[in-house]
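This report refers to the structure that appears directly beneath it.
The values are calculated or read from the model by the stated rules, or taken from the named source; none is laboratory data. Since this is a predicted model, take the numbers as computed values, not measurements. Methodologically, a virtual Cβ is constructed for each residue, glycine included, from the backbone with ideal geometry; neighbour enumeration extends over all protein chains shown.
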Amino acid sequence: MEVTVRQLQSDDYAGLRAAMIEAYDGIGGVWREANIDKLLDIFPEGQFCVEVDGKVAACALSIIVQYELFGDEHTYEEITGNYTFDTHFDDGDVLYGIEVFVHPDYRQLRLARRLYDARKELCENLNLREIMVGGRIPNYHLYSEQLSPKQYIEKVKAKEIYDPVLSFQLSNDFHVAKILTNYLRGDKQSHEYAVLLEWNNIYYSRKKNALSDSIIRIGLVQWQMRPFADMDKFFEQVEFFVDVLSEYKSDFAVFPEFFNSPLLAEFNHLSEYEAMRELAKKTEEIRKKIAEYAIAYNVNIIAGSMPVVEGGHLYNVAYLCHRNGKMSEYRKIHITPNETKYYGITGGDKISVINTDCGKIGILICYDVEFPELSRLLALQGMKLLFVPYLTDTQNAYIRVRHCAMARAIENECFVAIAGCVGNLPGVNNMDIQFGQAAVFTPSDFAFPMNAIKAEATPNTEMTLIADVDLNLLKELHHYGSVRTMTDRRTDLYEVSMRKK
């Protein structure tokens, strides 16, 4: 007999499904292939299987979460993001076990122990604080009339009662942290109780810049349009604002859409179409320099947006320069008639959350925020912070962005931060006037400001706006708010989803 523990692969699904059907005989429910593919896409190293003589005999699935955003009162649906796994967070601190099963024909081989050894090794290698699982107590229904869940657990710990899940977990150095109620809907054997179990990684060392609490500090740059003699002067101004926001310990520094527009001045003899493509030639240099600032000043920088030419097409691209050196981008999807007419900009076609050391964020650019579908897709992926760099020439254009951003905060139970340009550029065609007012918006409930505005800048004045937002307030709103816009959606009637190309 040959026994191998390895990472799960997508072509293992048929064997995995067959094993799960046998393992959960009479209980019902198996993971769909789409669920497994999602896990393998977002966290392949966390999915293990045991192969016996070439056949999948056991499996363990897991995700990484920032545990303090869920706490000890969570349900299985909450920790898995309603089975979407959008709660997975690469920079989280806890490896959360969401599934372990063994085909009944192989249970005498103690394969689950091998899977847990692999999990423990992974936890140590990834420098995660601990492993946590919500363990069912499937034999509880046999004793529920005589024993409370607490009494049942104590007897299992004393080895007076055997429970196939809890007894196994305790023998693998897990200890009981809490009793969870209503953990897994439909689990009649456990009466929907579960035991929150944890295994501590004694080698864990606190990650630099890890999310230490739920407070995130946002720094917005209300950028004054002004002529720059050369690129050095432009970078001097950018670094000034990064330095200021870093000194105030901001987690994010946000610049506006097309904040590098003053550099168009040297191309004013060209048409707007040609000038924007010339400006795009400077984008890579600017991106690299701002990435250096992000590391040097220890702040995540959303570099507004800049033009990028790729495959003959011009895109409006926002870069997120992470303070750990990573780089993410978002391409504006909805292009205004003005951008199409004068610049020939092409819309992007991807929308997804970005993992940061402060949780999952989303970026939309200006006009994008006026389309509620995009932010809803991001919210369904676990977004809690939405950043909107914008550039508006008139007050009515700004009002559209502002009011739509406020609506997005309410309907998606998230914080929305907007940052724009102010002032005038007389020497640049089609960029001559600006109207802007940076702001941070919140949901509208008792835990938030009465007007749903956390902070706002003075209109049309160059300045920074710094505000602290508490992610725990969003969690509280989600569970106990006066209204719960994410939970109360009628998904039996409608849904919002991305088309697959």
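Check the stretch 408-429 and report whether any residue there is basic (Lys, Arg), assigned to a strand (DSSP E or B) and either closer than 24 Å to Leu374 by Cβ or in contact with a strand residue (DSSP E or B) (Cβ under 8 Å, 6 or more places away or on another chain) (or both). Among the residues of the stretch 408-429, not one is basic (Lys, Arg), assigned to a strand (DSSP E or B) and either closer than 24 Å to Leu374 by Cβ or in contact with a strand residue (DSSP E or B) (Cβ under 8 Å, 6 or more places away or on another chain) (or both), which makes the answer no.
Applying a threshold of 7 Å to beta carbon distances and a minimum spacing of six or more residues, or different chains, the list of pairs starting in the stretch 487-501 at a residue that is touching a residue at least 12 places away in the same chain (Cβ under 8 Å) and surrounded by 10 or more Cβ atoms within 10 Å (Cβ to Cβ) and ending at one that is among the charged types (D, E, K, R) and not in a loop (DSSP other than H, G, I, E, B) reads Val496/Glu373; Val496/Arg376. Only a single criterion out of (1) outside any loop (DSSP other than H, G, I, E, B); (2) over 22 Å from Arg114 (Cβ atoms); (3) of a type in the set (Val, Ile, Thr) is not satisfied by Val56, namely (2). It is to be established whether one or more residues within the stretch 21-36 are free of Cβ contacts under 8 Å to residues at least 40 places away in the same chain and under 24 Å from Lys120 (Cβ atoms). Within the stretch 21-36, one or more residues are free of Cβ contacts under 8 Å to residues at least 40 places away in the same chain and under 24 Å from Lys120 (Cβ atoms).
Just one of (1) within 23 Å of Glu2 (Cα to Cα); (2) at pLDDT below 90; (3) not in a helix (DSSP H, G or I) fails for Val30. It is (1). In the stretch 437-457, the residues that are assigned by TED's automatic domain parsing to the domain that holds Trp223 and of a type in the set (S, T, N, Q) reach residues that are in a strand (DSSP E or B) and modelled with pLDDT of 95 or more with C-beta atoms within less than 8 angstrom, at least six apart or across chains, in these pairs: Gln437/Gln222; Gln437/Gly420; Gln437/Glu456; Thr442/Phe415; Thr442/Ile453; Thr442/Lys454; Thr442/Val469.
Among all residues of the stretch 201-219, there is none that is among the acidic types (Asp, Glu), within 29 Å of Gly92 (Cα to Cα) and either assigned to a helix (DSSP H, G or I) or modelled with pLDDT of 95 or more (or both). Can you pull out every residue in the stretch 313-332 that is among the small types (Gly, Ala, Ser) and modelled with pLDDT of 95 or more? Hits for the stretch 313-332 are Ala318, Ser328.
Looking across the stretch 362-391, the residues that are under 13 Å from His334 (Cβ atoms) and in a helix (DSSP H, G or I) come down to Cys366, Tyr367, Asp368, Val369, Glu370, Pro372, Glu373, Leu374, Ser375. For the stretch 218-230, state whether one or more residues are among the β-branched types (Val, Ile, Thr), more than 18 Å from Asn424 (Cβ to Cβ) and in contact with a Gly (Cβ under 9 Å, 6 or more places away or on another chain). So far as the stretch 218-230 goes, no, none of its residues is among the β-branched types (Val, Ile, Thr), more than 18 Å from Asn424 (Cβ to Cβ) and in contact with a Gly (Cβ under 9 Å, 6 or more places away or on another chain).
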